[in-house]
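The values are calculated or read from the model by the stated rules, or taken from the named source; none is laboratory data. Just so we're clear, the structure is a prediction, and the values are computed from it rather than from any experiment. Ideal geometry is used to build each Cβ from the backbone, glycine not excepted, and the neighbour counts take in all protein chains shown.
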Amino acid sequence: MIFANYLIKTINMKPVYKLSIFLLILSLIISCSSTKITYDKHTDFSQYKTYAFYKKGIKALKLPGKNKKKLLRAVSEVLLEKGFTKSSHPDFIVNIFTDIHKRIDVYEGYHSPFYRRKYIEKSKEGTVYIDIVDVRQKKVVWSGSHYINYKTNDLGVIKKAVYKLLEKFPPR
């Protein structure tokens, strides 16, 4: 009987309460997104035309040599598509870093009274970070991160993360 009264009260809620519950659930879903972007709202991003990579950041990247080059090429491709050119006297500097670590999942498999089997799945997971630093102001004006999880040493997943991140740069 108590549950029935609760259900009746819930169904007859005022539209304002229903809307507030809907907005709360929607904000929770949006906040769980794997891509996070922050930027300086006072920066005029149309002034930027040229870029360069932060050399110390590239050296510190924790990726094998070929993967590092592929990652930098992916960033360059996206920025080129957006109309930016690489320069030795850039308007902004791109700093890339990763936090990637191994992950091991153990699953129960088939088992009987005499036999048990477990499955082990190895993968890598972490976050790719990209910061855009204004050369004149010497401060970060745009920053993004994207969570990744991949099963092999496939750089395609990291490239997708770069494309996903930079599709929101420059902000409009």
Name the single residue, out of those in the range 70-116 being polar (S, T, N, Q) and within 20 Å of Tyr48 (Cα to Cα), that is surrounded by the fewest Cβ atoms within 10 Å (Cβ to Cβ). Ser88
Which of the residues that make up the range 46-65 are more than 17 Å from Val128 (Cβ to Cβ), surrounded by fewer than 17 Cβ atoms within 10 Å (Cβ to Cβ) and touching a residue at least 24 places away in the same chain (Cβ under 8 Å)? Ser46, Gln47, Lys49, Thr50, Ala52
Reported set for the range 59-104 where residues are under 16 Å from Val157 (Cα atoms) and small (Gly, Ala, Ser) is Ala74
Given the residues His89, His101, which is the only one that is at pLDDT 90 or above and in contact with a strand residue (DSSP E or B) (Cβ under 8 Å, 6 or more places away or on another chain)? His89
